[in-house]
Amino acid sequence: MDSQVCVITVWYLLYIAYSNAIKTKVFIDTDNVIQTIPDRFLSVTIDTAQIQANWATLNFSSPKIQRLARGLAPCYLRVGGSSADFLQFNPGVQRDKNIQRSEEEYLKFSPYAKRNIQYEDKLTDAFEIQKLKNFTMSGKQWDELNHFVEMVGWDLIFDLNGLLRQNGLWLPDNAKLLMDYTTQKGYKIAGWELGNEPDVWRGFGYKINGSQHAADYRLLHRLLDNYPQWRNSIVIGPSVTMMTNLYTYMYLKDFLDAGGPDIVSHPTFHHYYGHGPDMTVAKFMDPKLLDSLKHQIKLVQGLAPYPLYGKVWLGETSSAWGGGAAGLSDRYVAGFMWLDKLGISASLGIEAVIRQDFYGNSYGLIDPTTLDPNPDLWSSFLFKILVGESVLNVTMDDQSGYVRMYAHCTNTLRTDYKRGSITLYGMNLMTEPTTVVFPQFQPDVKLYLYMLEPVGKDGLKSQTVALNGKTLKVNPDLTMSQVTDIPEIVNGTFTFPQQSFGFIVISDANVAACKNKV
């Protein structure tokens with residue numbers, strides 16, 4: 001019996017030692033603000049393919065859609081995508097207002113084949129070319145879009161057709177027709193873009209290099225100069241694909257060199273971590289794959305250094321191209337990539353991260369069938385509410401990359417937290433919990449936790465998320481779970497559950513750099 005007790009005691013002591021060893025020390029530089037992000041840092045897209053599908057199941061007059069959209073305000077709405085370069089505006093075209101498309105029918109219009117330049121030089125396939133056909137946007141559709149944007153407090157950036165060409169240059173006639181109509185209606189457009197992923201236009205038979213595209217942008221500027229309300233509007237571009245290929249890098253360099261710092265307000269590129277069908281749960285949680293974003297951001301910033309150029313935007317971005325990864329990009333596991341992308345982008349000086357997309361495909365923030373929030377929408381709400389504009393540097397003793405944390409001054413305009421508070425957000429990718437400690441603060445400092453975990457037997461593949469154990473949902477009366485009313489409060493340290501993510505507010509941090517910041 002004594003030997004059994006001895007063995008049990010040894011195992012217990014080993015367990016305690018192991019548990020105590022799994023600690024993560026987090027240090028926040030409270031003396032300096034390393035970056036500043038605007039309140040529209042987290043923004044969204046609606047793919048132009050939705051216009052071609054006459055909005056599919058997206059009903060702009062739905063109170064539920066409006067309520068979810070308002071939760072993201074203020075933000076930019078970028079309407080663009082592969083179909084943008086096949087759209088022409090005709091205010092007189094009549095569209096059947098009773099058209100209802102099933103999800104299966106809608107998918108026929110959605111450009112799944114995002115070009116993976118890293119893997120293929122063909123750039124596009126016959127299947128995509130067959131789907132990307134010219135179509136018309138009616139005045140009614142433009143009205144619906146603008147009324148919605150105004151109603152929910154968003155700011156519209158519209159991607160114009162860059163493949164309308166004559167004598168080797170962009171033909172601005174249709175854009176002028178749209179702008180004249182918009183002026184007549186009094187719609188407020190925040191910004192413009194010309195073409196989508198022009199570095200792959202050669203796949204459509206258009207050999208247009210970066211310098212030629214810069215000349216197209218000069219024509220766009222001349223057109224905008226005719227409208228006083230848009231002479232100083234935002235102009236983004238060229239929205240090249242991912243910086244994983246030398247051709248794309250050289251295209252962007254050619255564009256920027258030929259156009260100069262004034263050709264666009266903010267240089268843009270697109271970013272995805274992989275091809276939808278190739279994605280796995282493990283890839284969504286791979287620290288090396290998550291870190292790959294840093295290199296691409298630095299490449300673009302090297303070509304367009306701030307402040308000579310405007311700050312870089314991720315003009316279109318999500319977890320996986322090709323419409324996302326089915327059963328993954330709209331599930332809990334996608335939150336690791338989304339939250340980490342926001343943290344990396346903010347800390348490296350990206351000014352806007354435009355999520356593909358608000359609605360549609362597997363990577364939408366809302367489910368296209370139920371119109372309920374997907375997990376990434378709940379974490380986006382929390383980011384908008386808790387995370388302020390001033391970014392602080394974070395270091396950790398664990399350099400493995402499996403515990404990842406980012407810090408900002410707390411958003412005191414949208415919360416009751418006092419100035420001087422800081423908000424951290426991040427994740428534990430390990431298969432065991434870790435104890436997070438903040439050595440620079442008093443051992444009994446209060447931590448306000450907002451931990452997001454999956455609900456149900458599907459685990460990481462769950463489409464339902466809980467905040468501090470309470471399932472988040474939209475109720476039948478359209479009231480929503482109040483994501484900031486239920487923090488868990490602990491003293492000094494907290495246990496970060498395995499394979500989870502969340503937000504932490506240190507209200508008594510008393511950070512001088514955050515006293516005059518939000």
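Throughout, read-outs are computed from the coordinates displayed, never taken from laboratory work. Keep in mind it's a predicted model, so treat the numbers as computed, not measured. We place every Cβ from the backbone using ideal geometry, glycine too, and count neighbours over all the protein chains shown.
Tabulated data
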read-out	value
Residues residue 442 and residue 64, FRET efficiency given R0 of 56 Å [Cβ-Cβ distance, rounded to 0.05]	0.80
Total charge dipole magnitude, region 363-510, about the Cα centre, Cβ charges on Lys, Arg, Asp, Glu only, Debye to nearest 20	160
Dipole-positive endmost among 439, 57, 429 within the chain (Cβ charges, Cα centre)	57
Efficiency of FRET between residue 372 and residue 257 - r from beta-carbon atoms, R0 51 angstrom, step 0.05	0.65
Nearest 10 degrees, 0 to 90: helix 334-347 Cα axis against the chain principal axis	80
Among the listed pairs 207/311; 64/457; 64/473, those beyond 19 Å (Cα-Cα)	207/311; 64/457
222 nm mean residue ellipticity, helices alone, for the chain (DSSP H n ≥ 4; -39,500 (n - 2.57); rounded to 500)	-8500 deg cm²/dmol
Along each principal axis, Cα extent of region 219-326, largest first, Å	51, 27, 22
Relative exposure of 409, 75, judged by other C-beta atoms within 10 Å (fewest first)	75, 409
Between 0 and 90°, nearest 10: helix 139-152 axis offset from the chain longest Cα axis	30
More than 14 angstrom apart: percent of Cα pairs within region 435-518	69
Fewest-first ranking of 308, 58, 171, using other Cβ atoms within 10 Å as the exposure measure	308, 171, 58
Over region 283-423, relative contact order from alpha-carbon pairs under 8 Å, at least 6 apart, %	21
Residue 147/residue 233 FRET efficiency (R0 25 Å; Cβ-Cβ; nearest 0.05)	0.80
Degrees separating the helix 287-303 axis from the principal Cα axis of the chain, which is the longest one	40
Cut-off 16 Å (backbone N to label point 7 Å along Cα→Cβ of residue 90), residues of region 51-72	52-54
Estimated dipole of the chain in Debye, rounded to 20 [Cβ of Lys and Arg +1, of Asp and Glu -1, Cα centre]	620
Relative contact order of the chain, pairs being alpha-carbon contacts under 8 Å that are 6 or more residues apart, as %	18
Dimensionless Rg/Rh of region 170-272 - Kirkwood Rh, Rg from C-alpha atoms	0.99
For the chain, average projected area of the Cα convex hull in nm²	26.5
Rounded to the nearest 20 debye, dipole of region 361-444 from Cβ charges on Lys, Arg, Asp, Glu	340
Ranking of 507, 345, 462, 82 by count of other Cβ atoms within 10 Å, fewest first	462, 507, 82, 345
Lys/Arg +1, Asp/Glu -1 at C-beta; region 252-314 dipole; positive extreme among 295, 309, 261	295
Surrounding net charge for residue 504, when Lys and Arg each add one and Asp and Glu each subtract one, Cβ distance under 11 Å	0
Radius of gyration, Dmax [region 361-471; alpha carbons; angstrom]	15.8, 48
Region 289-361: radius of gyration over Cα atoms, expressed as a fraction of 2.2 N^0.38 Å	1.17
